[in-house]
Amino acid sequence: MLVEEVMTREVVTLPPTATIENALKLLSKHRIRHIPIVDDNHHVIGIVSDRDVRDASPSIFENDPDPEEFKKEIQNIMSTPVITVHPLDFIEEVAAIFYENEIACVPVTKENKLVGIVTEKDVLYTLIQLTGVHVQSSQIEIKVKNKVGVLPAVTNIIAKHKINICSVLVYPDPEDDDYKILVFRIQTMNPLPVIQELKDEGYEVLWPNMPGITK
Amino acid sequence: MAKYAGDYKMNCTSAFVYSEQFTNYRFHDEHPFNQKRVVLTYELLKESGALNNNQVLPPRLATDDEIKLVHDGAYIEAVKKAGEGKLSESKAAEYGLGTEDTPVFKNMHEASAWMVGGSLQAVDAVLEGKVQHALNLGGGLHHGFKRKASGFCIYNDGAIAIEYIRQKYGFRVLYVDTDAHHGDGVQWAFYDDPNVCTLSIHETGRYLFPGTGNVNERGQKEGYGYSFNIPIDAFTEDESFIEVYKTALTEVMEYFKPDVIVTQNGVDAHYFDPLTHLYGTMNLYECIPKLAHELAHTYCDGRWIALGGGGYDIWRVVPRAWSQLWKIMTTNTPFSGPLPERWLKKWKDEAPVPLPETWEDIEPLYKAIPRKMEITEKNKQNLDKAMQWIRNQKNTPYS
């Protein structure tokens, strides 16, 4: 999946000369945690997070109704340079950027102009879509030899039963390098005939897979 | 509750909606959904002397307008055409018809409309005051969607019955679903409606169809706080299921104070059930109707409509479990001891498995579950999360 399919296009931004007070109000109004700072050409020159703004705000124990700090310009506290991504980047790359840089948001730029934003929430949402749990389905897990041609052999059996596959995930068996676990979400309430046939064909089917218990 | 104690311990007037026509809802011989279980239950009750002809209420054919309370006109037309063999495969697929779960069969519209009409008969019998409770074991098809068949369900009779109650009687309805599968069709139909509260207790969707029914599904817009879901783990046993059920139903009842309860009494959480991984026994199916019955008297002047639902061990589980439902509905005490000789004799040859000889399950029914404590703990956690919304409101001094 590409960034352009996932990103939010309506981005809330501020100019570098906006005040910290502007930023605070905007964060709370839109219930967001990041604001890209853009110049007149819509180039991203910085980014502020809700924590940056809070760090720059007076303590809640001060009772000043109109604190000096709020009037300071946002460019004093913005983070720079900004890590950005391109609309054609893969969402997996964005996940890796979040993980490696310990950040939770990247602006998306095209020809140096801001065109969108991706946050960790978007990445998690995409992950949920990939696992297929949003479609009515049953989940089965199949332990298979790690070799060429296993996946089509298994999907053929499912297709023979006229059952649609909502999602497929493949992960290595944590206990044995020679095996992989295939996780299918299939659109049926009665997976028994498929499970039986898979077992007859010699596959190990885990339905459900709870370590320590087998039915 | 004490106020009504005298009433419900005696015989309650109840209607049993039944016709052999229910068996016309039949996909094919190998399909796990088999309405023969309703016939088996009916005969078991007859042989036990707990059902007389005056209590039997025939279903009726629901009209298209009634089905349209929940479903799209185009979908109804598609079901009709499919039942006449006139719907193309690609068109059928669009409506979830012709799949392994809901294959096309002859006159499928009529067969489904009879079951919907059965649930509407049950509603009218109770809400016109003819009886206190009514049971339609042919109904409870909770996976049917607005324009899509799924999970063995074509029309969602429960959702139609609830909308019918809303429009005809204006009552606030609590829907309680103890089928092992999430009651998704009914939940989504009323997800933004604050006058219909849904409570579903089901095996987690981690493996089991339909996959939804998470604790955080609480409704939306005005309906927020009127959907409750408690997913329980695979291998959950009676005690934990009952703890979750009793706490949740008692708290939701007190919070929502419905005018009428509609229960979906799927019985597929039993250990023998081939389609799920829960480890319930017959105790569960004595406990579930008992509390629903008592609370219906406490909060709803007795108004209680019970529907069938899932249940795929049609020989060893469903007839006994559903008979107990009726027995408790009418007398508040379950059957115990041996099953009627004549019933066993009549069916033992046709049954592919040995029939149980007593109302209770033989103990122990299965080998002890190694991770019972953890499973119980996790279920309790989900229960607390689901009830948090109610408990928070109770503890808020201003509101």
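A short reminder: the numbers here are calculations on the coordinates, not readings from a lab. The shown structure was predicted, so the numbers you read here are calculated from the model rather than taken from an experiment. Quick reminder, even Gly has a Cβ in these numbers, built from the backbone with ideal geometry, and neighbours come from all protein chains shown.
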Q: Towards the positive end of the charge dipole of the range B:39-114, with charges on Cβ (+1 Lys, Arg; -1 Asp, Glu), say which of B:His71, B:Asn52, B:Tyr95 has the farthest Cα.
A: B:Asn52
**Q.** Estimated dipole of chain B in Debye, rounded to 20 [Cβ of Lys and Arg +1, of Asp and Glu -1, Cα centre]
**A.** 480 debye
Q: For B:Thr358, list long-range residues whose amide hydrogen, built 1.01 Å from N in the peptide plane, is under 5 Å from its own amide hydrogen.
A: B:Leu339
**Q.** Distance violations [Cα-Cα > 19 Å] among B:Lys246/B:Lys380; A:Lys162/B:Lys146; B:Lys86/B:Lys106; B:Lys106/B:Lys346; A:Lys25/A:Lys72
**A.** A:Lys162/B:Lys146; B:Lys106/B:Lys346
Q) Any idea how far the Cα center of the range B:349-396 sits from the one of the range A:69-87, in Å? A) 54 Å
Q. Which of the aspartates and glutamates could a cross-linker bridge to A:Lys180, judged by Cα under 20 Å and excluding same-chain residues fewer than eight apart?
A. A:Glu141, A:Glu197, A:Asp200, A:Glu201, A:Glu204
Q) Based on the alpha-carbon gyration tensor of the range B:2-395 and its eigenvalue square roots a ≥ b ≥ c, which shape applies: rounded if a/c is under 1.5, prolate if not and a/b is larger than b/c, or oblate? A) rounded
Q) Near A:Lys110, which aspartates and glutamates are there with a Cα under 20 Å away, not counting those fewer than 8 places off in the same chain? A) A:Glu4, A:Glu5, A:Glu10, A:Asp39, A:Asp40, A:Asp89, A:Glu92, A:Glu93, A:Asp122
(Q) Give me the extension gain from B:Glu254 to B:Met373: residue separation times 0.36 nm, minus the current Cα-Cα distance, reported in nm with one decimal. (A) 39.9 nm
Q) Reachable aspartates and glutamates from B:Lys221, Cα under 13 Å, same-chain residues fewer than 8 places away excluded? A) B:Asp192, B:Asp193
**Q.** J(HN,Hα) series, the range B:335-341, from Karplus relation 6.51 cos²θ - 1.76 cosθ + 1.60, nearest Hz, glycine and proline x
**A.** 5, 8, x, x, 6, x, 3
Q: Apply 1/(1 + (r/R0)^6) to the Cβ-Cβ distance of A:Leu88 and B:Glu77, taking R0 = 30 Å, and write down the FRET efficiency to the nearest 0.05.
A: 0.10
Q: Taking only Cα atoms and a 10 Å spring cutoff, compute GNM fluctuations for chain B and point out the largest among B:Leu208, B:Leu174, B:Leu278.
A: B:Leu208
Q. In whole angstrom, how far apart do the alpha carbon centroids of the range A:1-37 and the range B:154-168 sit?
A. 45 Å
Q. Mean separation of Cα pairs under 8 Å and 6+ residues apart, divided by the residue count of chain B: what relative contact order is that in percent?
A. 18 percent
Q: Run the dipole for the range A:3-127 about the Cα centre, Lys and Arg Cβ at +1, Asp and Glu Cβ at -1, nothing else charged, and hand back the magnitude in debye, nearest 20.
A: 300 debye
(Q) Report, in listed order, any pair from B:Lys130/B:Lys168; A:Lys71/A:Lys121; A:Lys29/A:Lys71 with a Cα-Cα distance greater than 26 Å. (A) A:Lys71/A:Lys121
Q | Extension reserve of the B:Asp65-B:Lys130 stretch, reckoned as 0.36 nm per residue once the Cα distance is removed | A | 20.9 nm
Q) Hey, what did the range A:3-127 get for relative contact order, percent, Cα under 8 Å, at least 6 apart? A) 31 percent
Q.
Compute the distance from the alpha-carbon center of the range A:155-215 to that of the range B:185-232, in whole Å.
A. 27 Å
Q.
Pairs of alpha-carbon atoms within less than 8 angstrom and 6+ residues apart define the contacts here; what relative contact order does chain A have, in percent?
A. 18 percent
Q. Mind checking the log10 I(q)/I(0) for the range A:134-206 at q = 0.18, 0.26 Å⁻¹? Debye, one equal scatterer per Cα, no solvent, two decimals.
A. -0.65, -1.31
Q) GluC sites (Glu not before Pro) within the range B:309-382: which are DSSP loop residues with at most 10 other Cβ atoms inside 10 Å? A) B:Glu350
Q) Over the protein assembly as shown, one equal point on each Cα, no solvent: what is log10 I(q)/I(0) by the Debye formula at q = 0.06, 0.07, 0.12 Å⁻¹? A) -0.39, -0.52, -1.22
Q: Could you work out which residue, out of A:Ile60, A:Ile35, A:Ile195, moves most in a Gaussian network model of chain A, that is, has the largest mean-square fluctuation with Cα springs under 10 Å?
A: A:Ile60
Q: Please build a GNM for chain B, connecting alpha carbons under 10 Å apart, and tell me which residue among B:Thr358, B:Thr178, B:Thr330 fluctuates the most.
A: B:Thr358
Q | Cβ-placed point charges (K, R +1; D, E -1), dipole of the protein assembly as shown about Cα centre in debye, nearest 20 | A | 1780 debye
Q. Picking from A:Ile103, A:Ser79, A:Asn22, whose Cα lies most toward the positive end of the charge dipole for the range A:3-127 (charges on Cβ: Lys, Arg +1; Asp, Glu -1)?
A. A:Asn22
Q. How well do other chains shield peptide B:232-244, expressed as the mean number of their Cβ atoms within 10 Å of each residue Cβ?
A. 1
